[in-house]
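**Student:** Handing you a structure now.
The values are calculated or read from the model by the stated rules, or taken from the named source; none is laboratory data. It should be emphasised that the depicted structure is a prediction, and the values quoted were computed from it without experimental measurement. Cβ placement follows ideal geometry from the backbone for every residue including glycine, while neighbour counts extend to all protein chains displayed. Keep in mind that these areas ignore ligands, DNA and RNA; they rest on the heavy atoms of the full protein, side chains included. Shrake-Rupley method; radii C 1.70, N 1.55, O 1.52, S 1.80 Å.
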Amino acid sequence: MAAYRLGLALSGGSIKGFAHLGVMSYMAEAGIQPEIIAGTSAGSIMGAFYASGYAPQEIYELFSKVGFLKATSLALRDGGLFRTTSFHRLLKRNLPYKRLEQLPLPMRIVATDLDAGVEHVFTEGRLADIILASCTVPILFTPVVIDGHTYVDGGLFRNFPVTTIRQDCDEVIGVNLGPVQPHEGEHTMLSVANRSWELVFRQNAIPDCAACDYLLESPEVTRYGMFEVRAAESLMKIGYELAKQELAPLVPSTNSNTKHEE
């Protein structure tokens, strides 16, 4: 028998992570309660705040006004173009738990160990540091050093961390923000970089998509740019409607077995 009845895996996807909040909002309304969460990059942010006890709408209010310039500062050295010191402070200031293992809802966060060249799954440690490491897009952001190891975005190896919890769960809901569509339009430096990351993430997500019991993904999220904060509300609505459509089979069985407040 698996350790957990239901797991929730949240992929990376930069600003598209607001769609995760829509999914979690529907799950909360429907009484679908995950017993463990796995997150990469944007999924690690949304998942960690949810696991800390924040309601999806509260997480939306916290991050929907945080633009790229407010969260970063120019570096041009130290392994990245931008420092994420301001974003790190925001995490530490607003997370009620300082360590990953203290979260009321168990969580695993994926980052990439740049020194060893391998995926690393965190189950304990300083929570804000771990989230930052999982979100650190190489070259764009300065790498994060934890216990002598240098870490960058978990999406390099595991952008969609379903297999991170698959063996420990009876069922897994996976929210993949990385479905890749044909690209049209001008090829600017930023668009080429964004497109390249999308292709990397798509390839390493293939086994994780296959491992889901409930796979939630929509081409609608691909309409939005990497840092298009003004799209936050639209993305949250996309996630909500997607969950409402795909998770209906879970509602009767979950409501009959899970205690929750009306």
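**Student:** Anything in segment 122-148 that is in contact (Cβ under 8 Å) with a residue 60 or more places away in the chain and closer than 20 Å to Arg166 by Cβ? List them, or say none.
**Tutor:** Ser134, the sole residue that qualifies.
**Student:** On to the next question. Here is a check on your reading of the model: is Leu156 within 22 Å of Ser14 (Cβ to Cβ), open to solvent by 40 Å² or more (accessible area, probe 1.4 Å) and touching a Phe, Trp or Tyr at 6+ places or on another chain (Cβ under 8 Å)?
**Tutor:** Numbers: within 22 Å of Ser14 (Cβ to Cβ): yes; open to solvent by 40 Å² or more (accessible area, probe 1.4 Å): yes; touching a Phe, Trp or Tyr at 6+ places or on another chain (Cβ under 8 Å): no.
In short, no.
**Student:** OK, next. For the subset of segment 3-25 comprising residues that are surrounded by fewer than 24 Cβ atoms within 10 Å (Cβ to Cβ) and farther than 19 Å from Val162 by Cβ, which member is modelled with the highest pLDDT?
**Tutor:** Ser25
**Student:** Could you list, in sequence order, the residues of segment 116-139 that are touching an Asp or Glu at 6+ places or on another chain (Cβ under 9 Å), among the hydrophobic types (A, V, I, L, M, F, W, C) and modelled with pLDDT under 95?
**Tutor:** Result: Cys135, Val137.
**Student:** Would you be able to say whether some residue in segment 187-209 is modelled with pLDDT of 90 or more, in a helix (DSSP H, G or I), open to solvent by 60 Å² or more (accessible area, probe 1.4 Å) and not hydrophobic (A, V, I, L, M, F, W, C)?
**Tutor:** Within segment 187-209, one or more residues are modelled with pLDDT of 90 or more, in a helix (DSSP H, G or I), open to solvent by 60 Å² or more (accessible area, probe 1.4 Å) and not hydrophobic (A, V, I, L, M, F, W, C).
**Student:** Continuing with this model, one more query. Identify, from the list Phe49, Phe63, the residue that is modelled with pLDDT under 95 and either in contact with a strand residue (DSSP E or B) (Cβ under 8 Å, 6 or more places away or on another chain) or farther than 20 Å from His120 by Cβ (or both).
**Tutor:** On the way: Phe49 fails: modelled with pLDDT under 95.
So the residue among Phe49, Phe63 that is modelled with pLDDT under 95 and either in contact with a strand residue (DSSP E or B) (Cβ under 8 Å, 6 or more places away or on another chain) or farther than 20 Å from His120 by Cβ (or both) is Phe63.
**Student:** Inspect all residues belonging to segment 231-253 and state whether any of them is under 18 Å from Asp170 (Cβ atoms), modelled with pLDDT of 95 or more and open to solvent by less than 70 Å² (accessible area, probe 1.4 Å).
**Tutor:** First, the residues of segment 231-253 that are under 18 Å from Asp170 (Cβ atoms): 246-247, 249-253.
Still in the running and modelled with pLDDT of 95 or more: 246-247.
Retained after the next criterion (residues that are open to solvent by less than 70 Å² (accessible area, probe 1.4 Å)): 246-247.
Within segment 231-253, one or more residues are under 18 Å from Asp170 (Cβ atoms), modelled with pLDDT of 95 or more and open to solvent by less than 70 Å² (accessible area, probe 1.4 Å).
**Student:** Please determine, by comparing only the residues of segment 173-186 that are hydrophobic (A, V, I, L, M, F, W, C) and in contact with a helix residue (DSSP H, G or I) (Cβ under 6 Å, 6 or more places away or on another chain), which one is modelled with the highest pLDDT.
**Tutor:** Taking segment 173-186 first, the residues hydrophobic (A, V, I, L, M, F, W, C) are 173, 175, 177, 180.
Keeping just the survivors that are in contact with a helix residue (DSSP H, G or I) (Cβ under 6 Å, 6 or more places away or on another chain) gives 175, 177, 180.
Working: Val175: 98, Leu177: 90, Val180: 59.
Result: Val175.
**Student:** Can you find a residue that is within 20 Å of Lys92 (Cβ to Cβ), open to solvent by 10 Å² or more (accessible area, probe 1.4 Å), in contact with a Gly (Cβ under 9 Å, 6 or more places away or on another chain) and of a type in the set (D, E, K, R) anywhere in segment 106-129?
**Tutor:** no
**Student:** Filter segment 20-59 for residues that are more than 18 Å from Ser134 (Cβ to Cβ) and assigned to a loop (DSSP other than H, G, I, E, B) and give the result.
**Tutor:** Gly31, Ile32, Gln33, Pro34, Glu35, Gly53, Ala55
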